[in-house]
Amino acid sequence: MGGDDAFLVFVRYAPLLYVLAGVSVVLWLAGQRLPSEIQPDVLAALSETEALPPRVIRERPPLAHQNIDLKLLETVLEHLCSAGQVVRWYETVGSERQVVYRRIGAPNF
């Protein structure tokens, strides 16, 4: 019967735990940024003259002080490539190939 009391205590507080977990998830999701929201910051961090890998881009301002996942950054960079705002190619560093990105400047007419 002692085990039944612990179970009843858990059942009594389980709905409150579910509510707190749900509120925590909503607050966490509210702090996350969408790819479209960080595109201007990614463009500002890119260089028109240097080809940079994603890890270096993430360390440049204005992205340096933001907690951005590398996969999200790569997704945004690929989207900017398909939009024609960024160029991507591969460079060999040592024996390893790495992807690098460079911002395309505005055409001079």
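The values are calculated or read from the model by the stated rules, or taken from the named source; none is laboratory data. Since we're looking at a predicted model, the values are computed, not measured. Cβ coordinates were reconstructed from backbone atoms using ideal geometry, including for glycine residues, and neighbour counts include every protein chain displayed. Heads up: the accessible areas ignore ligands, DNA and RNA and are worked out on the full protein's heavy atoms, side chains in. Shrake-Rupley method; radii C 1.70, N 1.55, O 1.52, S 1.80 Å.
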Is there any pair with a first residue in segment 82-101 that is closer than 16 Å to residue 45 by Cα and hydroxyl-bearing (Ser, Thr, Tyr) and a second that is in a strand (DSSP E or B) and open to solvent by less than 60 Å² (accessible area, probe 1.4 Å) whose Cβ atoms are under 9 Å apart and which are 6 or more apart or on different chains, and what are they? 101/52; 101/86; 101/87
Hey, among 54, 62, which residue is closer than 16 Å to residue 99 by Cβ and touching an Asp or Glu at 6+ places or on another chain (Cβ under 6 Å)? 54
Residue 91 fails exactly one of the following numbered conditions: (1) touching a strand residue (DSSP E or B) at 6+ places or on another chain (Cβ under 7 Å); (2) loosely packed, with under 10 Cβ neighbours inside 10 Å. What is the number of that condition? (2)
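Please find, among 30, 21, the residue that is without any contact (Cβ under 8 Å) to a residue 40 or more places away in the chain, hydrophobic (A, V, I, L, M, F, W, C), open to solvent by less than 70 Å² (accessible area, probe 1.4 Å) and assigned to a helix (DSSP H, G or I).
So the residue among 30, 21 that is without any contact (Cβ under 8 Å) to a residue 40 or more places away in the chain, hydrophobic (A, V, I, L, M, F, W, C), open to solvent by less than 70 Å² (accessible area, probe 1.4 Å) and assigned to a helix (DSSP H, G or I) is 21.
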For segment 33-58, name all the residues that are surrounded by 11 or more Cβ atoms within 10 Å (Cβ to Cβ) and free of Cβ contacts under 8 Å to residues at least 40 places away in the same chain. 33, 38, 41, 42, 44, 45, 56, 58
Looking at the structure I just gave you, is residue 77 touching a strand residue (DSSP E or B) at 6+ places or on another chain (Cβ under 6 Å), surrounded by 10 or more Cβ atoms within 10 Å (Cβ to Cβ) and at pLDDT 90 or above? yes
Qualifying position, being open to solvent by 80 Å² or more (accessible area, probe 1.4 Å), over 17 Å from the mean Cα position of the chain (by Cα) and modelled with pLDDT of 90 or more, among 97, 103: 97
